[in-house]
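Written below as structure tokens is the structure these notes are about.
Bear in mind these aren't lab numbers, they're just calculated from the coordinates by the rules spelled out. Since the structure is predicted, the reported quantities are computational estimates derived from the model, not experimental observations. Ideal geometry is used to build each Cβ from the backbone, glycine not excepted, and the neighbour counts take in all protein chains shown.
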Amino acid sequence: MLVLYEQSRGGGAAIDLARELAEREHAALTVVGIAPQAPSGPRCGNSALEYNQAVAASVAQDLDEARERLGRASERTNFQLLIAGAEPSLQQFAQIGGFDLVLLPARRRPLRGRGGSYHPEASRLRLIAGAEIRLVAPGSR
């Protein structure tokens, strides 16, 4: 099972569901965080290197929070920091890992009314054969 953790109510709900499923089904669990990156280079003005390093450190800290939230289940969990725009992408990571279930924190689309949950990675991940992609919203089980 693969879980994308983001510091949000949806991210917390995804971790809680992952813990429950891992304990009940004795499933292997991998938690990933994705560090977005700002463009850098001669046309972008100042170097974004330090900023990008700080963002990656923040996401690594988020993964530590996920580890704490998992409790005892974290002992059997692999944690991985992915860098946006670098390989492997989340889709590549999920495909290589052969995960059968991917939990994504649901995000709300405020102007969509009911059923407005989504995650930008969901459509790309649905291309992986055999993997169930599940959006997890706070309060859903």
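5 Å is the cut-off here: which amide hydrogens, built 1.01 Å from N in the peptide plane, fall below it relative to Ala137, excluding neighbours closer than 5 in sequence?
Amide H to amide H, under 5 Å and 5 or more residues apart or across chains, Ala137 pairs with Ala106.
Would you look at the GNM of the chain, springs on alpha carbons closer than 10 Å, and say which of Pro88, Pro105, Pro39 moves the most?
Ranking Pro88, Pro105, Pro39 by mean-square fluctuation puts Pro39 first.
Most fluctuating residue of Glu75, Glu121, Glu65 in a GNM of the chain with Cα springs under 10 Å: which is it?
Glu75
Does the range 68-108 come out rounded, prolate or oblate by the C-alpha gyration tensor, with a ≥ b ≥ c the root eigenvalues, rounded set by a/c under 1.5 and, if not, prolate when a/b is larger than b/c and oblate if not?
prolate
Would you mind computing, in nm to one decimal, how far apart the modelled labels at Glu132 and Gln92 are, each placed 7 Å from Cα along Cα→Cβ?
Output for this residue pair reads 2.9 nm.
For every helix of n ≥ 4 consecutive DSSP H residues, a contribution of -39,500 (n - 2.57) applies; sum these over the chain, divide by its total residues, and give [θ] at 222 nm rounded to the nearest 500 deg cm²/dmol.
Rounded to the nearest 500, the figure is -11500 deg cm²/dmol.
Each residue of the range 127-134 in turn: what ³J(HN,Hα) in whole Hz from Karplus with 6.51, -1.76, 1.60 and θ = phi - 60°, glycine and Pro shown as x?
6, 7, 5, x, 9, 8, 10, 10
Of [x] 51, 39, 28; [y] 49, 37, 20; [z] 46, 33, 27, which is the value of Cα extents along the principal axes in Å derived from the coordinates here?
Only one listed value fits the structure, namely [x].
Please compute the length gained on full extension between Arg9 and Asp100, using 0.36 nm multiplied by the number of residues separating them and subtracting their Cα-Cα distance.
Here the answer is 30.4 nm.
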